[in-house]
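These notes are about the structure you will find just below.
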Amino acid sequence: MKTIIVPIDFSEHSEFALKTAANLARRNNAEVLALHMLEMSDIMLSASDGLQNEKAMYFLQLAEQKFEEFLNRDYLKDVKVKPIIKHFKVFSEVNDVAMKNHADLIVMGSHGATGLKEFFVGSNTERVVRSSDIPVLVVKNSLTDINFDVVAFACDFSEEAIESYLKATSLFKKMKSKVYLVYVNLPNERFKSSIEIEKSVVNFFTKAERNLDKMEDVHYVSDYTIEDGVLNFANKIGADIIAVPTHGKKGLAHFFEGSVGEDIANHASLPVITFKM
């Protein structure tokens, strides 16, 4: 992990993300790209008259000053930080910046239970998650210690999930994490027998790993909802982080057939990391 991006909006939650990124950067000798997207109207940026241009320059200088003050933190003094200001609030630009700088991870703060509902339903973080080609780590609070030793990875063991699984295991291998995969069986029309689940798991690992060595890390749980099953499992194994696949523009909701992804992030006190399928 060499480059970490943190979108900054000067809120307390973006500082949670910045602290987390700083800790990760320190551990991995990585650089933090602090990204602020300045919300300025097209009219102001393209205006030809002097007054509008002066206003645009004023707000840009104000943002730069505020950004500089925000980044003046003791926990950043031994971390390489590069500030970036974009003039438009287009959240797909976060992915563009990530690709341009060969970033490995995006870290974003969330607003707790109520904010996370907003987070995954049309909010800024959702837009970043859906447009990002690299993992997005979402944190709810200030993490005193970045310890991702134990990971709960929610998986349906479909072939479609193989790509996100490989991305996740590649990252967590570098972090020397132990990854446990969990499949949640529901008491409805989607119920599967143990044999049916195991066939899916065998097919999954045969194609993903070309061996069945990881079968011992798979757990099947039964619950009334997928989110409850994932959260209860994460709590049971003492997970430090929950990993979930995403499905591009359709986001988490598509993969989990509803608002399951939103609910997992909504109710999880743990950090949640997403991997694009």
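The values are calculated or read from the model by the stated rules, or taken from the named source; none is laboratory data. No experiment lies behind these values; they were computed from the predicted model shown. So basically every Cβ, Gly included, is an ideal-geometry build from the backbone, and we count neighbours across all protein chains shown. Calculation scope for accessible area: heavy atoms of the full protein, side chains included, ligands and nucleic acids excluded. Shrake-Rupley method; radii C 1.70, N 1.55, O 1.52, S 1.80 Å.
Looking at the stretch 6-17, which of its residues are at pLDDT below 90 and part of a helix (DSSP H, G or I)? Within the stretch 6-17, Glu12, His13, Ser14 meet the criteria.
State yes or no: is Val230 assigned to a helix (DSSP H, G or I), in contact (Cβ under 8 Å) with a residue 60 or more places away in the chain and either in contact with a Pro (Cβ under 8 Å, 6 or more places away or on another chain) or open to solvent by less than 60 Å² (accessible area, probe 1.4 Å) (or both)?
Working: assigned to a helix (DSSP H, G or I): yes; in contact (Cβ under 8 Å) with a residue 60 or more places away in the chain: yes; either in contact with a Pro (Cβ under 8 Å, 6 or more places away or on another chain) or open to solvent by less than 60 Å² (accessible area, probe 1.4 Å) (or both): yes.
In short, yes.
Residues in the stretch 196-227 that are free of Cβ contacts under 8 Å to residues at least 24 places away in the same chain, more than 15 Å from Leu166 (Cα to Cα) and open to solvent by 60 Å² or more (accessible area, probe 1.4 Å): Glu196, Glu198, Lys199, Glu216.
Restricting attention to the stretch 148-174, the residues that are open to solvent by less than 60 Å² (accessible area, probe 1.4 Å) and either touching a strand residue (DSSP E or B) at 6+ places or on another chain (Cβ under 9 Å) or in a strand (DSSP E or B) (or both) add up to 16.
Among residues of the stretch 125-147 being more than 23 Å from Ile237 (Cβ to Cβ) and part of a loop (DSSP other than H, G, I, E, B), the one that is most open to solvent (accessible area, probe 1.4 Å) is Asp133. Taking the stretch 175-189 as the range and being closer than 23 Å to Glu227 by Cβ, part of a loop (DSSP other than H, G, I, E, B) and either open to solvent by less than 80 Å² (accessible area, probe 1.4 Å) or free of Cβ contacts under 8 Å to residues at least 12 places away in the same chain (or both) as the test, the residues that pass are Ser177, Leu186, Asn188, Glu189. A residue that is among the small types (Gly, Ala, Ser), at pLDDT below 75 and part of a loop (DSSP other than H, G, I, E, B) can be found somewhere in the stretch 18-41. Restricting attention to the stretch 67-112, the residues that are at pLDDT below 90 and at positive phi total 1.
Out of Phe153, Phe233, Phe172, which single residue is under 18 Å from the mean Cα position of the chain (by Cα), of a type outside the set (A, V, I, L, M), within 18 Å of Pro271 (Cα to Cα) and modelled with pLDDT of 95 or more?
Numbers: Phe233 fails: under 18 Å from the mean Cα position of the chain (by Cα); Phe172 fails: modelled with pLDDT of 95 or more.
It is Phe153.
All of (1) open to solvent by 90 Å² or more (accessible area, probe 1.4 Å); (2) over 28 Å from Val136 (Cβ atoms) hold for Asn235 with one exception: (2).
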